[in-house]
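Colleague: First the structure, which I've put down as structure tokens, then a few questions once you've had a look.
FYI, it's all coordinate maths here, none of it is from the lab. Please read all numbers here as calculations on a predicted model, not as lab measurements. Glycine also receives a Cβ, built like all others from the backbone with ideal geometry; neighbour counts cover every protein chain displayed.
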Amino acid sequence: MNSGDEREDLAKDDLRISADFLLAEFNALQNRAIAFSNNQSNRVNFLLAVVAAALAGGSQLVGDLALHPYFREVMLATALGILLLGLFTLRQNVDYAVASVILFRRAGRVRLWFVEQDPKIAQYVAFEYGDDRPAMDVPFLSFRGSEAVVLLINALAVCAIVIIALPFRDIISMSIEALVSLFVAWIGQLYYVRRILRQGERRSAITIKFPFQRMREKYEKYS
């Protein structure tokens, strides 16, 4: 075997080693993203379990004559507790969402490496082969997945706190206050989530090396 063949075999071995390594990295990224998604679901499920327990406890409290004098205080404390837990869950879920996007973008880099080895496969790659997709802040965020559940629980908790904390009013005034507090709580949380996601996007922007649009323009001639 001449030296040229030896160099070619070494190059193929190096390429095979790189491919195996990147495939392992890709699988690790996917598994970590799945773990983050499961953690999000588990935290939302825990919040729902707490809310269900609080509702069950509140119904029992109504029938307990001994605790009737403290009913208002107990319900206020319960609503505050649910709100604090809900806000904590919301923040953790947003952090997991940001981390998951970063992982998916790293996976896009791995796809790009394989596209670079064989540009003809570019049109067959199912997801973007770049590191700036998916976007962190997307339209209709408040109606996507578990975020909507957490936002609604927190908004209802704020609504309950307002109704319990303020003096007794007529039903029309209570309804208006409930709707206003519900709307303000929903919009406030949505603004908070979008602010965190935009901050994450700005921090992540400095690490982007292969924007998908530029990569697509580079390899579209092979499609």
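Colleague: Select from the range 161-198 the residues that are β-branched (Val, Ile, Thr) and over 29 Å from the mean Cα position of the chain (by Cα) and list them in ascending order.
Modeller: Of everything in the range 161-198, those that are β-branched (Val, Ile, Thr) and over 29 Å from the mean Cα position of the chain (by Cα) turn out to be Ile163, Ile164, Ile171, Ile172, Ile176.
Colleague: Keeping to the range 10-64, report how many residues are of a type in the set (Asp, Glu) and in contact (Cβ under 8 Å) with a residue 24 or more places away in the chain.
Modeller: Number satisfying all stated conditions: 1.
Colleague: Still on this structure: Only residues that are surrounded by fewer than 18 Cβ atoms within 10 Å (Cβ to Cβ) and either touching a residue at least 12 places away in the same chain (Cβ under 8 Å) or β-branched (Val, Ile, Thr) (or both): list them for the range 163-173, please.
Modeller: Within the range 163-173, Ile164, Ala165, Ile171, Ile172 qualify.
Colleague: Follow-up question, since we're still on this one. Considering only the range 109-137, state which residues are free of Cβ contacts under 8 Å to residues at least 12 places away in the same chain, in a helix (DSSP H, G or I) and loosely packed, with under 14 Cβ neighbours inside 10 Å.
Modeller: Within the range 109-137, Tyr124 is the sole residue that qualifies.
Colleague: Let me ask something else. How many of the residues making up the range 174-215 are over 17 Å from Asp95 (Cβ atoms), buried (at least 16 other Cβ atoms within 10 Å of the Cβ) and not hydrophobic (A, V, I, L, M, F, W, C)?
Modeller: Of the residues in the range 174-215, 1 are over 17 Å from Asp95 (Cβ atoms), buried (at least 16 other Cβ atoms within 10 Å of the Cβ) and not hydrophobic (A, V, I, L, M, F, W, C).
Colleague: Let me spell it out: the conditions are (1) charged (D, E, K, R); (2) out of contact with any helix residue (DSSP H, G or I) (no Cβ under 7 Å at 6 or more places or on another chain); (3) over 30 Å from Tyr129 (Cα atoms); (4) in a helix (DSSP H, G or I), and Glu177 meets all of them except one. Which number is the exception?
Modeller: Among (1) charged (D, E, K, R); (2) out of contact with any helix residue (DSSP H, G or I) (no Cβ under 7 Å at 6 or more places or on another chain); (3) over 30 Å from Tyr129 (Cα atoms); (4) in a helix (DSSP H, G or I), the lone unmet condition for Glu177 is (2).
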